[in-house]
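The values are calculated or read from the model by the stated rules, or taken from the named source; none is laboratory data. Just so it is clear, the model here is predicted, and its values are computed rather than measured. Every residue, glycine among them, receives a Cβ derived from its backbone with ideal geometry; neighbour counts consider all protein chains shown.
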Amino acid sequence: MTTTEWEPKVQGILDILPEEIVDFETQVERFQAGKWNPNDFMAYRLRQGVYGQRQADSQMLRIKAPFGGINADQMDALGVLSEKYAPLGKGHVTTRENFQFHHIPLADTPEIMRMIGDVGLSTREACGNTVRNVTGCPNAGVCENEPFDVTPYAAAYARYFVRHPYTQSLPRKFKTSFSDCDNDCAISAIHDMGFIPKLRDGKKGFQMVTGGGTSIMPRIGQTLFEFVPVEEYLKVTEAVIRLFHQTDELRKNRMKARIKFYIDRIGMDDFRTKVEEELKGEWAKKSFDPTPLLFIEDESKDAPSLDITYKSGVSIEFDHWLESNVTAQKQVGYNVVMVKLPLGDINSEQFHQIAEMSRKYAGGRMRLTHQQNFAFRWVPANALFEVWEQLNKIGLGESGAHQVTDIVSCPGTDSCKLGITSSMGLGNALIEAIQSVDTSDPLIKKMHIKMSGCP
């Protein structure tokens with residue numbers, strides 16, 4: 001099969017367009033032949049999820065997992081990627097619920113795009129001044145406190161805005177989260193746009209929060225609207241994005257180009273008025289019902305039977321792991337198992353081992369988290385000891401998920417052009433230091449340590 005004849009074998013959350021990869025392959029050849037201006041090519045390749053590293057001729061490839069959803073076949077494909085193309089033999093889970101692979105030759109990226117496309121994964125708009133990967137709570141659909149499952153709506157959002165004409169060249173990146181309940185596990189307040197599900201008179205909708213962000217001039221996002229019906233959340237977001245796109249003043253300084261700067265300058269009340277005015281435009285008169293875009297998947301049909309017999313046992317270490325890493329689902333008899341990934345890294349062998357575990361214990365699926373971990377869902381209660389033992393065998397059975405020992409770090413100067421600090425080196429040093437002291441105090445356990453390699 002030639003590259004022009006290739007078609008993806010399965011349909012993923014995002015459409016994978018073969019002609020897009022063919023064009024990228026052609027443009028890579030043109031760039032390497034000196035026929036592209038480097039700055040123009042950079043903007044083009046970033047929209048394809050290919051990010052230049054500080055090392056010459058090396059790229060970081062970022063692969064999106066909308067709402068953090070990933071399946072066993074996809075994990076196997078990523079294992080092959082790390083074995084065949086990544087010199088370090090590993091991948092990295094990010095706080096945006098993406099996968100990153102480093103030190104990839106530019107010429108190899110189209111072939112990788114086709115390989116991951118065969119299992120429904122895409123790099124499209126994982127980088128650049130676009131709507132980035134949509135993050136979600138790993139408990140969506142199984143949380144006892146959720147008004148409704150936001151997963152279908154997070155997927156519809158990702159589908160609607162990918163390749164959207166207004167999202168290809170924004171003043172700066174636009175980050176989105178979907179929480180599953182009022183606990184706001186997806187941290188709406190630090191996002192450009194955050195959604196918290198609500199029910200009003202039996203009708204589904206979202207509280208919409210905007211203007212949040214960390215880094216330069218950190219700001220807590222503010223409520224744009226207390227309740228937006230699900231039939232209109234895409235329309236209201238598009239109004240926000242249209243305003244963001246039109247705000248030329250933000251394009252003058254890349255370091256102050258996020259939407260939070262604009263909202264901070266004019267105030268939320270004036271911004272809300274501008275959104276309401278934008279919603280009066282001709283473009284907003286069509287239907288924005290997300291139904292055709294919803295991703296509906298009944299995970300329960302693939303859940304392991306509760307009647308299967310698994311290995312049982314007792315130990316103090318297992319009890320600690322149960323306390324910190326396991327949460328009961330609203331579906332009786334099933335559990336969410338949070339798996340700690342040290343600094344977000346997964347090696348080639350672990351990709352395949354995790355895939356096999358998910359098939360046996362979790363219906364062949366899992367969710368990435370913004371803590372650089374992942375969660376098995378639909379794990380039977382009587383399988384927990386066996387799951388813990390298997391995780392220990394592959395080096396991932398540590399307790400303390402989302403506690404003080406669960407340190408979060410970006411790659412920093414190991415690969416990033418913007419990095420000024422070896423954050424991964426510091427992360428490893430901190431892990432060793434914290435493991436050498438007593439962290440049993442409940443208040444200490446609740447502490448979080450995160451580090452960034454750039455300002």
Filtering segment 392-417 down to residues that are in a helix (DSSP H, G or I) and either closer than 12 Å to Ile431 by Cα or over 23 Å from the mean Cα position of the chain (by Cα) (or both) yields Asn392, Lys393
For Glu29, are the conditions met, namely being over 21 Å from the mean Cα position of the chain (by Cα), within 29 Å of Leu294 (Cβ to Cβ) and acidic (Asp, Glu)? no
When Asp269 is evaluated against the numbered criteria (1) farther than 18 Å from Ala72 by Cα; (2) touching a residue at least 40 places away in the same chain (Cβ under 8 Å), which criterion, by number, is the only one it fails? (2)
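Determine whether segment 94-107 contains at least one residue that is of a type in the set (Lys, Arg) and either in the same structural domain as Met193 (by TED's automatic domain parsing) or free of Cβ contacts under 8 Å to residues at least 12 places away in the same chain (or both). Spell out the reasoning first.
Of all residues in segment 94-107, those of a type in the set (Lys, Arg) come to 96.
Checking the rest, the ones that are also either in the same structural domain as Met193 (by TED's automatic domain parsing) or free of Cβ contacts under 8 Å to residues at least 12 places away in the same chain (or both) come to none.
No, the conditions are met nowhere in segment 94-107.
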Out of all the residues in segment 275-328, which are part of a helix (DSSP H, G or I), of a type in the set (Val, Ile, Thr) and farther than 28 Å from Leu14 by Cβ? Ile316
Among the numbered conditions (1) closer than 24 Å to Cys137 by Cα; (2) hydroxyl-bearing (Ser, Thr, Tyr); (3) under 22 Å from the mean Cα position of the chain (by Cα), tell me where Ser324 comes up short. (3)
Which count do you get for residues in segment 400-449 that are charged (D, E, K, R) and either assigned by TED's automatic domain parsing to the domain that holds Trp388 or buried (at least 18 other Cβ atoms within 10 Å of the Cβ) (or both)? 2
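Residues that are assigned to a loop (DSSP other than H, G, I, E, B) and small (Gly, Ala, Ser): does segment 264-272 have at least one?
Scanning segment 264-272 turns up at least one residue that is assigned to a loop (DSSP other than H, G, I, E, B) and small (Gly, Ala, Ser).
Output the number of residues of segment 249-261 satisfying the condition of being without any contact (Cβ under 8 Å) to a residue 24 or more places away in the chain and either among the acidic types (Asp, Glu) or touching a helix residue (DSSP H, G or I) at 6+ places or on another chain (Cβ under 7 Å) (or both).
Here the count works out to 1.
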Any residue at all in segment 28-45 that is under 30 Å from Lys450 (Cβ atoms) and crowded, with 20+ Cβ neighbours inside 10 Å? yes
Among the numbered conditions (1) under 21 Å from the mean Cα position of the chain (by Cα); (2) modelled with pLDDT of 95 or more; (3) over 21 Å from Ser82 (Cα atoms); (4) not in a strand (DSSP E or B), tell me where Val387 comes up short. (1)
In segment 6-19, which residue that is under 24 Å from Met75 (Cβ atoms) and of a type in the set (Asp, Glu) is surrounded by the most Cβ atoms within 10 Å (Cβ to Cβ)? Asp15
When you go through Asp180, Asp118 one by one, which is the residue that is acidic (Asp, Glu), touching a Gly at 6+ places or on another chain (Cβ under 9 Å) and in contact (Cβ under 8 Å) with a residue 12 or more places away in the chain? Asp180
